[in-house]
Amino acid sequence: MKQVLLIAGGGTLGTYTAEELLRLGHCVDVICLEDKASDNEKLTYYTASATPDYLEKLFECKHYDGIVNFLHYRDYKSYIPYHELLSKNTDHLIFLSSYRVYADMQHPITETAPQLIDVITDDPLFHEKDTYGLSKSKAERFLADNPYPKNWTIVRPVISFSMKRFDIIMTSKTEVVEAAMKGTPIQLPIEARGLTAGLDWAGNSGKLIANLLFKKECIGEAYTISSAQNLTWGEIADIYTEVLGVRFEWVPANYPHDLWRWRYDRAYDRAIDNTKVLKATGLRSEDFKSIREGLKIELDRLKNKE
C-alpha cells in the first residue's frame, strides 16, 4: 500500500486516476477547489488551493510515496518553486504535460516525435503568446535540466472527456448535451472531419496514469496517455449522434479568437502509437473502454447527478 497525493485532482483526469489507485490498493489524498466528500477511508479530500505554503505545511505532517500534479502553469517559470518542493517530498512525481506539445510531422505519434517548440520557427506570435502546448514543452525541458531529484515521469494525455466536458474538436464542456436537448445543430470545421482525433475517455487516461506510478523504469521518461483507438473526428461525431442524438453541420473553420488551439492542434492528425505506455503499465487494449462505452458511462453519470 502506497500513499499518493493528487494535486488539483478533483477534475476530469484526477477523478479516474484516484479511482484506479484505490483499485490498486493505495491510499489517496486529493487537493482540489471542489467541495467533495468521501465515504472511502482510503480517500481523503482537502478543499484548498495547492499553494507552495499550503503544500509545505502538508508535507510537515505527511510523506507521500507518489504525487501526481494536475495543475497547469501558464508560465513554466511559475512551476519551478513547486517542482523543488514536490520532488524533495516524494519518491515518484508525475508531471502533467500534454499531447499538444507534438508537431504534425510524425504519424502515428510516438514519444520521440518532433515538438512544436522546435518546429514552429516562422511564427513569432506563437512563441510569444501560446500558453499551453509551448509552456508544457518548456516545463518538460526544465525537468530534464534541473538540479533537484530526478524522480519524475512526464505524462502527455490526449483530450479526456467526462461528464464535465464532452469534447468534439473545438466544442467542449456541456455544449453538446445542451444542443441535443434543444434540438439545435453544432457547427464543426469540415477540415477536421477526416483527421484522427486526439480524444479518449477520462477513465482510460486515469487508468494509464495510475499504473505508471512506482515503476522504476518510468523515472525520467515521458509517456503519451491514450488507449489509441484513433478514430477520426467524423467517426466521433457519428458516435455522439448515435448515443446522444445531437446533430452536426460541417462548415469551413473560422476560429480567430482561438487560433492556437485550432492551428497547432485540432487541425493536426493525432493518431497515437501507445506501445511505450502499454509496455510500461502492463495494460492491454482490452483493458480500456471504447469511446462509445465511455460516452454512455458519462451520460449516465450526468443524468444520475441531475
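The values are calculated or read from the model by the stated rules, or taken from the named source; none is laboratory data. Owing to the predicted nature of the structure, the values given are computational and were not obtained by experimental measurement. Reconstructed Cβ throughout: ideal geometry from the backbone, glycine too, with neighbour counts over all protein chains shown. Surface areas here come from the heavy atoms of the whole protein model, side chains and all, with no ligands, DNA or RNA. Shrake-Rupley method; radii C 1.70, N 1.55, O 1.52, S 1.80 Å.
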### Summary
the range 230-306 and the range 55-70 have their Cα centres apart by a whole-number Å value of 33
### Task
Mind putting a number on the dipole of the range 29-148 about its Cα centre? Charges go on the C-beta only, +1 for Lys and Arg and -1 for Asp and Glu, and I need it in Debye to the nearest 20.
80
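At a threshold of 8 angstrom on Cα-Cα distance, excluding pairs fewer than six apart, so keeping six or more, what relative contact order does the chain reach in percent? It would help to have the intermediate numbers written out before the result.
Numbers: 556 pairs, mean separation 58.5, N = 306.
Answer for the chain is 19 percent.
Enter the per residue convex hull volume of the range 1-77, computed from alpha-carbon coordinates, in Å³ rounded to the nearest integer.
Working: hull volume 7.7 nm³, N = 77.
In the range 1-77, the Cα convex hull volume per residue is 100 Å³.
Equivalent ellipsoid semi-axes for the chain, as square roots of 5 times the alpha carbon gyration tensor eigenvalues: give them largest first, rounded to whole Å.
Values: eigenvalues 187, 114, 65 Å².
So the equivalent ellipsoid measures 31, 24, 18 Å along its semi-axes.
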### Task
Normalising by the residue count of the range 142-252, find the relative contact order in percent from Cα pairs under 8 Å and 6+ residues apart.
40
### Task
Collect residues whose amide H, placed 1.01 Å from N in the peptide plane, falls under 5 Å from the amide H of LEU188; neighbours closer than 5 in sequence don't count.
GLU249, TRP250, VAL251
### Placed amide H near SER38: partners under 5 Å, 5+ positions off or other chain
TYR45
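How large is the charge dipole for the chain, taken about the Cα centre, if only the Cβ atoms of Lys, Arg (+1) and Asp, Glu (-1) carry charge, to the nearest 20 debye? Let's see the in-between values first.
On the way: 38 positive and 44 negative charges, 64 e Å.
The calculation lands at about 300 debye.
Using a 10 Å cut-off on Cβ atoms, rank the peptides 254-262, 90-98, 28-36, 103-111 from the highest mean neighbour count down. Intermediate results must be reported in sequence, preceding the final value.
On the way: 254-262: 13.0, 90-98: 22.9, 28-36: 18.6, 103-111: 16.3.
Ranked from most to least packed, the peptides come out as 90-98, 28-36, 103-111, 254-262.
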### Query
For the chain, which DSSP H helices look membrane-span-like by this rule: Cα extent along the axis of 15 Å or more and mean Kyte-Doolittle of at least 0.0?
233-244
### Query
Can you flag which of LYS173/LYS303; LYS62/LYS279; LYS77/LYS150; LYS88/LYS129; LYS216/LYS276 are past 25 Å Cα-Cα?
LYS62/LYS279; LYS88/LYS129
### Summary
Out of HIS92, SER137, CYS27 - ranked by how far each Cα lies towards the positive end of the dipole of the chain, with unit charges on the beta-carbon of charged residues - the top one is CYS27
#### Entry: Sparsely packed trypsin sites (Lys or Arg not before Pro) within the range 93-164, loop by DSSP, other Cβ within 10 Å at most 14
LYS150
### Task
With the full set of protein chains in place, find how many percent of the accessible area of the range 182-243 is carbon and sulfur; take the probe as 1.4 Å.
47
### Query
Name the chymotrypsin sites (Phe, Trp or Tyr not before Pro) in the range 191-242 that are in a loop by DSSP and that have at most 16 other C-beta atoms within 10 Å, would you?
PHE214
### Query
Can you tell me the accessible area per residue over the chain, all protein chains present, probe 1.4 angstrom, in square angstrom?
46
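Round to the nearest 0.05 the FRET efficiency obtained for THR131 and VAL243 when R0 = 25 Å and r is the Cβ-Cβ distance. Please list the in-between numbers first.
Details: r = 33 Å, r/R0 = 1.33.
It comes out at approximately 0.15.
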## Note on the structure
If unit charges are put on Cβ atoms (+1 for Lys and Arg, -1 for Asp and Glu) and the dipole of the range 124-226 is taken about its Cα centre, the option from LEU195, TRP152, THR174 lying farthest towards the positive end turns out to be TRP152
### Task
Evaluate the distance, in nm, between pseudo-label points positioned 7 Å from the Cα of LYS276 and of TYR255 along their respective Cα→Cβ axes.
2.5
### Task
Calculate I(q)/I(0) for the range 190-277 by the Debye formula, one identical point scatterer on each C-alpha and no solvent, and give its log10 at q = 0.18 Å⁻¹ to two decimals.
-0.92
### GLU235 paired with LYS164, simple spin-label distance in nm, labels 7 Å along Cα-to-beta-carbon
2.8
### Task
Describe numerically, in nm with one decimal, the distance between label points set 7 Å from Cα along Cα→Cβ at TYR148 and at LYS305.
3.2
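Using the crude model of +1 on Lys and Arg Cβ and -1 on Asp and Glu Cβ, and no other charge, please compute the dipole size for the range 105-150 relative to its Cα centre, in debye to 20. Mind dumping the intermediate values first?
Numbers: 5 positive and 8 negative charges, 48 e Å.
I would put it at about 240 debye.
Work out the FRET efficiency for ASP287 and GLU178 from their Cβ-Cβ distance, taking R0 = 22 Å, and round it to the nearest 0.05.
Efficiency, from the Cβ-Cβ distance: 0.10.
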